[in-house]
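Have a look at the structure below, then the notes.
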Amino acid sequence: MKKDFDYFNTLLVQNVGSKVGPIAPTIVPSAAFGYEDAQQAEGIFAGEVNAPLYARVGNPTNAKLESVVAKMEGGFGAIATSSGMGAISTVTTAFLRAGDEVLCIGGFFGGTYTLINETMKRFGVSNSFCDVDDFGHIEAKLKAGVKMVLMESVGNPSLRLPDINRVADLCTVHETLLVIDNTATPLIVRPLELGADIVVHSSTKNMSGHSAALGGIAVFRAVKEENEKLLNEKYADVHKIVKKMEKKAFIPICKKRAIRDMGMTANAFGSFLTMLGLETLALRVERINKSVERIAAILNEKLPEGVSVNHPSLAHNPDHARYLSDFQQGCGPLLSLNCDTKERAFKLLNSLKLVTQTANIGDNRTLALHMTSTIYSDFDAETRTFLGVDEGFIRVSIGLEDPESIAEDFLQAAKEMI
């Protein structure tokens, strides 16, 4: 079946709801669960009986969300976490240890950058960052035995578009785990089908859409019967779990080596709210991605001198050809403005009437934020340049409002700035 927006509208509504009993998802707030007998308890702890163990490693509401998102992403299973950073931390903590190296391709959200370049480094995990098209560096690192490749489907906030197919093929050849943050592009990019091993999301963003539920989720492919990269010697520390759990091994690896001991677990109420958002995700994604293109085109034509707009749909963008070939349904809710200076950016932001200033993306509302004074305020100039932000840079996340009205709001604010 063709996986278009109609497909996902049907899949999400049918899987979030139930036809018998409560038709909305149910919230199970219990922290602990009773076992039928000692034998069942033993089986649950061994992973041989599928029943709740303790809420830190999952509960029925989380499990419902996990099953829906796994189907949405075409995965075998998923783990819901407390935030998007919790999802990335779960995966990196489970698979990386002192002496390993992670290769990061493209621009990154500030929290991901500091997790890899500061926190993981403190625990002995080295890293290498490169541009999306630096395939000389990418291949050299893969040949040298890097343990994990991490990238965003669309750079946040740089808007760089990676060649996902080519990176995935190289990771397959070199038997290296590929993790893709798909937060900006649920439904319109399907990383597991393109060759990724793990997909992570901040479900706070597009999935929920309403800014009422902090959450994250990691989605995993099934372990293969043949040519399984997890059986490469560099993953020897998880071979015992892979051989025991076979197809579902990614999930116990992450639960036993991260969730159980560090507790990045989602809460039931947050998972419930996320599922309410998922019911309308396909409708919202389709509308917002059309609106982004329209707004970018209007602003590109009408913004006054001294303010510029950037989006891959625009011909001057360096990834425009890749956008046309690989991102035909859009590349998420983001576009960016550049006002040259912080003072001019502040004046534009403070003149907006419809747009909300906040540190979020993928919301039902249009949002904007000056980056170097907020999320990237602790970063040095060289790092900011690599991540695609400077003093005049404003990240914009387009919402559900009338695109003409949002474009007009930015235009009037830009005139006030002059």
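Bear in mind these aren't lab numbers, they're just calculated from the coordinates by the rules spelled out. If you're wondering where the values come from, they're calculated on a predicted model, not measured in any experiment. Heads up, the Cβs are rebuilt from the backbone with ideal geometry, glycines too, and the neighbour counts pull from every protein chain shown.
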What FRET efficiency do you get for ALA297 and PHE123 if R0 is 30 Å and r is their Cβ-Cβ distance, rounded to the nearest 0.05?
0.05
Spatially proximal aspartates and glutamates relative to LYS248 (Cα-Cα < 18 Å; intrachain offsets below 8 disregarded):
GLU48, GLU66, GLU73, GLU193, ASP197, GLU225, GLU226, GLU228, ASP237
Violations at 18 Å Cα threshold for listed pairs LYS147/LYS234; LYS71/LYS244; LYS143/LYS234; LYS290/LYS415; LYS224/LYS244 -> LYS71/LYS244; LYS290/LYS415
Which parts of the range 1-16 would a label at HIS210 reach, counting a residue when its backbone N lies under 16 Å from a point 7 Å out along Cα-to-Cβ?
13, 16
Fully extended, how many nm does the chain gain between ALA222 and SER30 (0.36 nm per residue separation, minus their Cα-Cα distance)?
66.2 nm
Using the beta-carbon distance between LYS347 and ALA321 and R0 = 45 Å, what value does 1/(1 + (r/R0)^6) give for FRET efficiency, to the nearest 0.05?
0.80
At a 10 Å Cβ-Cβ cut-off, how would you order PHE250, PHE269, PHE386, PHE410, fewest neighbours first?
PHE269, PHE386, PHE410, PHE250
Calculating Rg and Dmax of the Cα atoms in Å from this structure picks out, from (i) 29.5, 100; (ii) 21.5, 73; (iii) 22.0, 69, entry (ii)
Ranked highest first by the average count of other Cβ atoms within 10 Å around their residues, in what order do 283-289, 62-68, 349-355 fall?
62-68, 283-289, 349-355
Using the 10 angstrom Cβ neighbour count as an exposure proxy, how do ARG56, ARG97 rank, fewest first?
ARG97, ARG56
Taking every DSSP beta bridge with both residues inside the chain, roughly what % is antiparallel (nearest 5)?
55
Could you tell me the center-to-center distance, by alpha carbons, between the range 40-70 and the range 318-364 in angstrom?
39
With a ≥ b ≥ c taken as the square roots of the eigenvalues of the C-alpha gyration tensor of the range 154-305, please select rounded if a/c is under 1.5 and otherwise prolate if a/b is larger than b/c or oblate if it is not?
oblate
Calculated FRET value between PHE135 and GLU101, using beta carbons and R₀ = 25 Å, to 0.05
0.90
Please arrange THR61, THR93, THR341, THR383 by counting, for each residue, the other beta carbons lying within 10 Å of its beta carbon, fewest first.
THR341, THR383, THR93, THR61
